[in-house]
1. Name the pairs: first residue in segment 36-64 and in a helix (DSSP H, G or I) and surrounded by 13 or more Cβ atoms within 10 Å (Cβ to Cβ), second residue at pLDDT 95 or above and among the basic types (Lys, Arg), Cβ to Cβ under 8 Å, at least 6 apart or on different chains?
2. Have a look at Gln52, Gln38 and point out the one that is under 19 Å from the mean Cα position of the chain (by Cα) and not hydrophobic (A, V, I, L, M, F, W, C).
3. Going by what's in this entry, would Val11 be described as modelled with pLDDT under 95 and either part of a loop (DSSP other than H, G, I, E, B) or under 13 Å from the mean Cα position of the chain (by Cα) (or both)?
Amino acid sequence: MSVHLEISKKVNQTVSLVESYRRLDKVRESEIEKVVKQAMNGEEFTLEAINQVTAEINQLAAKHHLPSRQTVTKQMIMDFINQG
């Protein structure tokens, strides 16, 4: 019976980890959208919030074999705007 409990515990930890990863990824996407809107309106913008969340995602990714995310640059934002 203890083997089943250990497996269940491990599965629950994995589910929690993946949920945290997804939550951070949604926050990152939201921050990217906000910066893109600012840039499109000609406003000054900073990438600090995006890249802080990106660093958190990448820490989880490195420890738990999940996909990492790229650090966002101003050039990436400008390229995205000019592309669309």
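1. Pairs that qualify, where the first residue is in a helix (DSSP H, G or I) and surrounded by 13 or more Cβ atoms within 10 Å (Cβ to Cβ) and the partner is at pLDDT 95 or above and among the basic types (Lys, Arg), are Ile50/Arg28; Val53/Arg28; Thr54/Arg28; Thr54/Arg69; Ile57/Arg28; Ile57/Arg69; Asn58/Arg69; Ala61/Arg69.
2. Gln52
3. Working: modelled with pLDDT under 95: yes; either part of a loop (DSSP other than H, G, I, E, B) or under 13 Å from the mean Cα position of the chain (by Cα) (or both): no.
So Val11 does not fit the description; no.
The values are calculated or read from the model by the stated rules, or taken from the named source; none is laboratory data. The structure displayed is predicted, hence computed values, not measured ones. Positions of Cβ are generated from backbone atoms using ideal geometry, with glycine treated the same way; all protein chains shown enter the neighbour counts.
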